[in-house]
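To start, the structure under review is shown below, and the notes come after it.
The values are calculated or read from the model by the stated rules, or taken from the named source; none is laboratory data. What you are looking at is a predicted structure, and each value in this text was computed from that prediction instead of being measured. When we count neighbours, we look across all protein chains shown, and the Cβ atoms used for this are built from the backbone with ideal geometry, even at glycine. Ligands, DNA and RNA are stripped out before the accessible areas are found, and what is left, the full protein with its side chains, is counted by its heavy atoms. Shrake-Rupley method; radii C 1.70, N 1.55, O 1.52, S 1.80 Å.
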Amino acid sequence: MTSMTPEQPGKFRIGRVLRDTFAIIRRNPVLCLGVALFVYALPEFGFSYWFWVSVASVEPEYSMRRLTITAIFMLGFFVLGAFMQAALTRAALMDLRGERPSARDCIRTACALLLPASAASILITFAFWLGLVLIIVPGLLLLARWSVTTPVIVGEGRGVFASMQRSRDLTKGSRWPLLCIWLVVLVPSITVDIWANAFFSHLV
């Protein structure tokens, strides 16, 4: 993994992570954007459209059928998100080793690690929301603490809890900068989701 300083291998260095991330996307734009688009963005858009047109327009807001469909698809998006992150992590690791990542290899790796990656995603999200309900800042810090769990699962082949422990160790001392990064990512994402839901709600 990257280091905080040249003398401290194994630590997390924010600047290098950001620089490497944009460099990887620049070198592999079709693979990175294609995975994000076809694995996550288009399915989410399709479900949102179907939900508002076929379910929200005919079902009461708190009906059992509507709540069940929402819960099933939330679980599905956890799995899709974990699949996308595992595939992109595999692409990043190959690129950083000087290899050219292929879509087939990334998808195969994501399929093989789908169960632990999905379990980690669900556990981290649950802890995040629990922290937000209790006190906002601890939830955000937990998100930063476990933010490299999936990369550890893919890169080191550890189990779910061992990867969460490893993520905690790697991000120690860098959680406030990581928190800032997550806020930069989350705020636009939540804004887009709110806008999309408002747009589709006007269709019914």
Dipole of the chain [Lys/Arg +1, Asp/Glu -1 at C-beta], most positive-end residue of 50, 30, 196: 30
Rounded accessible area per residue of the chain, 1.4 Å, Å²: 60
Heavy atoms of residue 132 accessible to a 1.4 Å probe, total area in Å² rounded to 10: 40
Helix axis angle, 14-27 relative to the chain longest principal axis, alpha carbon, degrees: 70
Accessible surface ranking that places the most exposed of 49, 62 first, with a 1.4 angstrom probe: 62, 49
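Show that you can apply the helix-only estimate: for the chain, add -39,500 (n - 2.57) for every DSSP H stretch of four or more residues, divide by all residues, and state [θ] at 222 nm to the nearest 500.
The helix contribution divided over the chain gives -24500 deg cm²/dmol.
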